[in-house]
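S.K.: What follows is a single structure, and I will ask about it in a moment.
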């Protein structure tokens, strides 16, 4: 059963943005932020729900659905940059949650984690803790041909994005559903592989593929092909202020946010109070999506995240 339900909605700046939440109201809250073309189903599927798990441990849990993933799917992020998501959508969500709770942690997945690092320091200091999950400093598809093609196309995508063209993420749904058995074949590898074969039950994989993909900004896609340079181009740096506890979490089996990309982000942020958790040989193989909603997430990712959100007393 799904735990999140619509809670707040805004059309400020002409942007259709929705905030979902669990039922419980406590002093502590967690704000979940999904990644590119994704929505709340990055965090819960019918058989597993990170929001429900967090609520069971005393956290009121919210999930932000960025512009284009909310109640009006006809509206979507035409021409948006990452800063539009940060300065409008994410800041609005932080306003909503911090007004209602004494302590607020943010958990960002993939692009959601990078957006949290692009917040200005004043907004980051409104948070009690920050967890950045499967967010790389650079993207590596494991294919030199694919990486070269994307590097060559990024400037064109950025130019077309200014012309209000979008990345048709919803078009991925049909082909992915049609080929899901091949994608889930053990030992099969493909560029931008976003889950480890066998890590999601067939019915869960079908649900995720059917529900999770949306249109998104072509300019955001272009900047995310090299997040570090994309941030610099926008006049921001991927950073956190001193004193804010941060968890950088990834999995060696992730072929989108690769081990090297996650380690590079950790090295960029490293200072006292910044923790690294990289699931490697000591845990079952997990990928980009199944790191949060796969079979092994409740036994590995969720407990590690909970220990960070509520550390044991000294």
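The values are calculated or read from the model by the stated rules, or taken from the named source; none is laboratory data. Nothing here was measured: the structure is a model prediction, and the numbers come from that model. Here the Cβ is made from the backbone with ideal geometry for all residues, glycine too, and neighbour counts use every protein chain on show.
S.K.: For residue 152, indicate whether it is farther than 19 Å from residue 89 by Cα, modelled with pLDDT under 80 and loosely packed, with under 14 Cβ neighbours inside 10 Å.
M.R.: Here the answer is yes, as residue 152 does meet what is asked.
S.K.: So which residues in segment 214-228 are in a loop (DSSP other than H, G, I, E, B) and buried (at least 24 other Cβ atoms within 10 Å of the Cβ)?
M.R.: Within segment 214-228, just 214 meets the criteria.
S.K.: Are any residues in segment 79-101 over 28 Å from residue 297 (Cβ atoms), surrounded by fewer than 23 Cβ atoms within 10 Å (Cβ to Cβ) and in contact (Cβ under 8 Å) with a residue 12 or more places away in the chain, and if so, which ones?
M.R.: Listed by number, the residues that qualify are 79, 81, 83, 84, 88, 91, 92.
S.K.: List the strands (runs of 3 or more DSSP E) inside segment 1-58, counting only whole elements, that have at least 2 residues being on the phi < 0 side of the Ramachandran plot and surrounded by fewer than 17 Cβ atoms within 10 Å (Cβ to Cβ).
M.R.: In segment 1-58, the matching strands (runs of 3 or more DSSP E) lie at 5-10.
S.K.: Still on this structure, I have one more. Which number in (1) closer than 25 Å to residue 190 by Cα; (2) free of Cβ contacts under 8 Å to residues at least 60 places away in the same chain; (3) part of a helix (DSSP H, G or I); (4) touching a helix residue (DSSP H, G or I) at 6+ places or on another chain (Cβ under 9 Å) marks the one condition that residue 265 misses?
M.R.: For residue 265, the exception is condition (2).
S.K.: Here is a further query. Conditions: (1) modelled with pLDDT of 95 or more; (2) under 17 Å from the mean Cα position of the chain (by Cα); (3) assigned to a helix (DSSP H, G or I). Residue 62 meets all but one. Number of the miss?
M.R.: The number of the failed condition is (3).
S.K.: Right, next: Select from segment 278-303 the residues that are crowded, with 16+ Cβ neighbours inside 10 Å and outside any loop (DSSP other than H, G, I, E, B) and list them in ascending order.
M.R.: 278, 279, 290, 291, 292, 293, 297, 301, 302
S.K.: Let me ask something else. Tell me the residue from 270, 222, 257, 251 that is at pLDDT 90 or above and closer than 24 Å to residue 69 by Cα, please.
M.R.: Criteria check complete, one pass: 257.
S.K.: On the given criteria, is residue 199 in a loop (DSSP other than H, G, I, E, B), at pLDDT 90 or above and crowded, with 20+ Cβ neighbours inside 10 Å?
M.R.: Yes.
S.K.: Does residue 47 count as modelled with pLDDT of 80 or more and more than 16 Å from the chain's Cα centre (by Cα)?
M.R.: Here the answer is yes, as residue 47 does meet what is asked.
S.K.: Does segment 245-262 hold any residues that are in a loop (DSSP other than H, G, I, E, B) and under 14 Å from the mean Cα position of the chain (by Cα), and which are they?
M.R.: 254, 256, 257
S.K.: Evaluate the following for residue 189: is it assigned to a loop (DSSP other than H, G, I, E, B) and surrounded by 15 or more Cβ atoms within 10 Å (Cβ to Cβ)?
M.R.: So residue 189 fails the test.
S.K.: Any residue in segment 194-206 that's without any contact (Cβ under 8 Å) to a residue 24 or more places away in the chain: show its pairings with residues that are crowded, with 18+ Cβ neighbours inside 10 Å and part of a loop (DSSP other than H, G, I, E, B) at Cβ separation under 6 Å, as long as the two are six or more apart or on different chains.
M.R.: Sorted first by the residue in segment 194-206, then by its partner, the list stays empty.
S.K.: Mind listing whichever residues of segment 268-277 are crowded, with 17+ Cβ neighbours inside 10 Å and touching a residue at least 60 places away in the same chain (Cβ under 8 Å)?
M.R.: 269, the sole residue that qualifies.
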